[in-house]
Every structure is written in structure tokens, then in C-alpha cells.
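The values are calculated or read from the model by the stated rules, or taken from the named source; none is laboratory data. Bear in mind that the values here come from a model prediction, so they are computed numbers and not experimental data. Please note: Cβ atoms are built from the backbone with ideal geometry, for glycine as well, and neighbour counts cover all protein chains shown.
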Amino acid sequence: MKSSTYIPFLDLKAINQRYEPQLSRSALEVVQEGQYLEGAQTRQFEQEFGAFVGTQHVLAVSNGTNALELILRGYRELGLLQPTDEILVPANTFIATLLAIVNQGMVPVPVDAELPTFLPDLRSLQRSVGGKTKALVLVHLYGRTAYSEAIADWAKSRGLLLIEDNAQAAGSRWGNKKTGNLGHAAAHSFYPTKNLGALGDAGAVTTNDPELAGCVRALAHYGSTEKHRYAYTGFNFRMDEIQAAALRVKLPHLDRDNQNRAVLAARYLEQIRHPDLLLPGPEYRPFHHTWHLFTVLTKKRDSLRAFLAEQGIETALHYPRPPHRQPAFASLLQGYRLPVTEKIHQQTLSLPLHPALSAEQQEYIIDRINRW
Ligand SMILES: Cc1ncc(COP(=O)(O)O)c(C=O)c1O
């Protein structure tokens, strides 16, 4: 590749170009149909996503953060969670996971991560649990399945609700079961950059619990259980028809896209050779990995990032400052020492990895990293 090369971290235009002209056609159909919310596209997407994830209920909603909030609020309405209950949550996650918890009045208890999975393990969860803990949010971070039978058994023995944050892991599995169907309820994000990305904000709740499903559906629709009857002080957290239509075009290709991601990740894992880099662990079956992000750690992160930028390679930080160090959580989470999470945030660098990245582009990235 020439030195004028520019490889963006993520090329959404190229990613979505692969679904044309179906994407544009589906948007046009919605415009012409004249039903922009709560229509056939949304109901059909719910059925198709349910068949994909394997749950009995899917509620299409406005985004992943709202999906998580709806689950927590739903459990409050059903009397299974109360304000001030403590919820275990990975310290190494996107801030939205914690925002949903505090915005429902509950208390997040951040649990430190392990390497090279970047996820909490059973022992760290056991160290963090307390008498007020009522639920556990498992975040399948960067695409790696965070669930294990041991974690589920332990959560069950303590009577904890097991909630999945599947924002980053659409299509991941544990054994033959999909993420989103591993706990009591799951939140999904279809933010445009995600493995299954819409053309704007969108999300979903999946569950096999009919009571929670009914409650979440009402909550997302102003709290309405039937026309002109409001059982809850709910929200307007619905998915647009145009997003459902776009997701229906892309969902049938998700497994193939994830397969492409796996090929790219395997190549990075095999071919990056540098003494100053710690690579993420491979896929440890039965824990699947859909490689939403490929993050490496290095003490010289800023130098590597600047070097790659000079070579025309854009990288990203997921994330430079953990939630418990954010001003928003200055009082609520002060005093937490989470050394592995802090190390990750100081040293992390995400390399380009998406289904429209070519083998030639990737070879160039690997070559430049190895020369650094
Ligand atoms: C781990 C995690 N949880 C929650 C969210 C929130 O999803 P959304 O942006 O759709 O609200 C995101 C993504 O943005 C995420 O990465």
C-alpha cells in the first residue's frame, strides 16, 4: 500500500454500501407506507430477532441504554428490584451500562476486570457481592461472551437477577445458545457502529419472561397497557419503523459479518508480533467472540497511536477513562480501586476491525505495527 494510504477506524459507509440497494429501498417503502412507528416492520423485526436470539419475547425499543433502563424499571414495577438495591456491573464497560442503573435509582457496584478477557470472572464477582446486591449485569464486552454456567449457578444460588448487556455482542454465543438468551433479560443496542447497526439509534429487550415482556412493552409506550389506559409512569422509548426496516435487511447477514470479523481477528492474533503489546485472548470455547472491537494493551499506547496515525491508520480508545473515574460518578463511586480496569483504560488501543476491512488493508496495519 502507498504511503498516502488512509484506513479509517470504522467505515460505516462501506459497511452499509454492501446492503444497497436493499437498505435504501426499505427506507423508501417505509416513507411510502406512511406508518412510521409501531407498524409491520417493527413487529416483523421483533419476530425475526426473536428467532435469531432464541427468546420468546423481543421488544424493539429506542436504543440500548433505554433497553437496560426498561429492564430495571420493569423489575421495579414487578417488585423484584427496589431503588437503592445494589447491582454488580463490570467496571470495564461503556458508561451507558452504569447510567441505566443510576437513572433507575439503583446503586452500581463496579467489579474489576481480568486479563486477557477484559471481563470480570466469577472470583471477582464473588468478592464484590454484598447483602444489598440484587442483580448482576453481564456485559459481553468487545463481543466476547461474559456468561458462564458457573457464574449463572452462583447468581442463582444468591437469588440475583442475571441481566445481559448485549450491546457489543450481537450474534455471540455460549455453546449453542445466543447472548441475549442466557439470563433473565437482555438489552441490545443497534447503534450504527455495532455488529448489527441501524441507521440511527435503536435497541431491543429480549426475555423469556412474559410478565417482564408485557411490562417493558407498556413502559416503552408511556406506560400504556391498552389505549387510553396508563398502568405505569412510563417513557416514550419506541423503535422507529425505518430503523426496524434497516435492521431486517441486515440481520440475515449478521452471522456472515461476524465470521468475517473472526477471520480478521485470527489474523491479528497470529501475525502481530511485538514485545510491547498484549493482545486480547483468543476465543475460548464455549465462550464465543464476535470481535466488535479488537483492543490491544501497551504502556506506550500514545506513541503507538501517533505512529499509526502517521502511517495513515486511524485507531480508537475504548475507553480512555473508566466510568468510576468520570466526573459524573465522582461522589457515587469515589474510593473504588479497580487496578486492572484502570490499567486497561490507560493502555488500551482499538485497531480497525470491521467486515468491510480488506485483507490488503489489514496486512498493511499488521506490517506497520510489527515495524513500530
Ligand atoms: C456496553 C454498552 N452498553 C450500552 C450501550 C448503550 O447503547 P446505546 O448507544 O444504543 O444507547 C453501549 C453502546 O453504545 C455499549 O457499548
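Got at least one residue in region 120-136 being within 13 Å of the ligand (Cβ to nearest atom) and in contact with a Phe, Trp or Tyr (Cβ under 8 Å, 6 or more places away or on another chain)? Spell out the reasoning first.
Looking only at region 120-136, we keep the residues that are within 13 Å of the ligand (Cβ to nearest atom), and these are none.
No, region 120-136 contains no residue that is within 13 Å of the ligand (Cβ to nearest atom) and in contact with a Phe, Trp or Tyr (Cβ under 8 Å, 6 or more places away or on another chain).
Please state which of the following conditions ALA150 fails to meet, knowing it meets all the rest: (1) in a loop (DSSP other than H, G, I, E, B); (2) away from the ligand (no atom under 16 Å from the Cβ); (3) on the phi < 0 side of the Ramachandran plot.
(1)
Scan region 116-143 and report the pairs whose first residue is of a type in the set (Lys, Arg) and whose second residue is part of a loop (DSSP other than H, G, I, E, B), with Cβ atoms within less than 7 Å and a gap of 6+ or a chain change.
Close Cβ pairs (under 7 Å, with a partner that is part of a loop (DSSP other than H, G, I, E, B)) amount to LYS132/ASP85; LYS134/LEU81; LYS134/ASP85; LYS134/LEU160.
If THR193 satisfies all but one of (1) within 16 Å of the ligand (Cβ to nearest atom); (2) buried (at least 24 other Cβ atoms within 10 Å of the Cβ), what's the number of the condition it fails?
Result: THR193 fails condition (2) only.
Kindly provide the set of residues from region 112-139 that are part of a strand (DSSP E or B) and crowded, with 23+ Cβ neighbours inside 10 Å, ordered by number. Please lay out each step first, then the result.
We begin by selecting, within region 112-139, every residue part of a strand (DSSP E or B); these are 133-139.
The answer is ALA135, LEU136, VAL137, LEU138, VAL139.
Just to check your reading of the model, which residue among ASP201, ASP209, ASP255 is under 30 Å from THR295 (Cα atoms) and away from the ligand (no atom under 16 Å from the Cβ)? Steps first, answer last, please.
Working: ASP201 fails: away from the ligand (no atom under 16 Å from the Cβ); ASP209 fails: under 30 Å from THR295 (Cα atoms).
One residue alone meets the criteria, ASP255.
Might you let me know whether region 213-224 holds any residue that is within 12 Å of the ligand (Cβ to nearest atom) and on the phi < 0 side of the Ramachandran plot? Please lay out each step first, then the result.
Start the filter on region 213-224 by keeping residues that are within 12 Å of the ligand (Cβ to nearest atom), which leaves none.
Checking region 213-224: not a single residue is within 12 Å of the ligand (Cβ to nearest atom) and on the phi < 0 side of the Ramachandran plot.
Could you grab me the full set of residues in region 287-302 that are over 19 Å from the mean Cα position of the chain (by Cα) and touching a residue at least 24 places away in the same chain (Cβ under 8 Å)?
Within region 287-302, the first condition is being over 19 Å from the mean Cα position of the chain (by Cα), and the residues that meet it are 297-302.
If the condition is that a residue be over 19 Å from the mean Cα position of the chain (by Cα) and touching a residue at least 24 places away in the same chain (Cβ under 8 Å), then LEU297, THR298, LYS299, LYS300, ARG301 are the ones that fit.
Given the criterion under 16 Å from LEU59 (Cα atoms) and either within 13 Å of the ligand (Cβ to nearest atom) or buried (at least 21 other Cβ atoms within 10 Å of the Cβ) (or both), identify the matching residue among ALA187, ALA169. It would help to see each step written out before you state the result.
Details: ALA169 fails: under 16 Å from LEU59 (Cα atoms).
One residue alone meets the criteria, ALA187.
Determine which member of the set LEU162, LEU182 is modelled with pLDDT of 95 or more and assigned to a strand (DSSP E or B).
Values: LEU182 fails: assigned to a strand (DSSP E or B).
Answer to the check: LEU162.
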